[in-house]
Amino acid sequence: MTLVKFKKPGNSFPTIFDEFMKDFWTDIPGDSGSAGFLPSTNVWEEDNKYNIELSAPGFNKEDIKVEVGNKVMTISGEHKAENEKEEKNYTRKEFSYGSFKRTFTLPENVNADNINAKYENGILKLAIPKKETEVKAAKQIEVS
């Protein structure tokens, strides 16, 4: 299976396993006060499809966007919430903001036109079908 995190050209290329461990199990680089996060992701392959489960609790399905183009799939989400409470002597106003972005390079055998995405209980589930491959019968070559 070759679903891998998108990497810009020109960077040094460690092994795929090193890149997987670094990119999938660490926080987004930057300040510790960053509003973004890197959601946990499960990826596995079946005979006829690839599956991705992405943990994004607190989001609505309208907050999540999945884009596919040029053999790259980008999953992003953003939500904002504002809560205001007024009492006799004070007003309390709270804001919360969250965002994420994950990018995957899709293998050649993916049928990108039929990707199915479903968001339930804080989990985005993607089913990425494989293209049907034509099995060719063995052909005998005549030796001259």
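Every number here is computed from the coordinates shown, using simple stated rules; none is lab data. Everything quoted here is computed from the prediction, not taken from an experiment. Positions of Cβ are generated from backbone atoms using ideal geometry, with glycine treated the same way; all protein chains shown enter the neighbour counts.
Based on this model, can you work out whether K101 counts as among the basic types (K, R) and closer than 19 Å to N51 by Cα?
When the stated conditions are applied, K101 passes them.
Among the residues of segment 46-77, write down those that are surrounded by fewer than 14 Cβ atoms within 10 Å (Cβ to Cβ), within 24 Å of N121 (Cβ to Cβ) and charged (D, E, K, R).
Listed by number, the residues that qualify are E46, K61, E62, K65, E67.
Residue by residue through segment 78-109, note down the ones that are farther than 20 Å from G58 by Cβ, surrounded by 10 or more Cβ atoms within 10 Å (Cβ to Cβ) and without any contact (Cβ under 8 Å) to a residue 60 or more places away in the chain.
Result: N109, single match.
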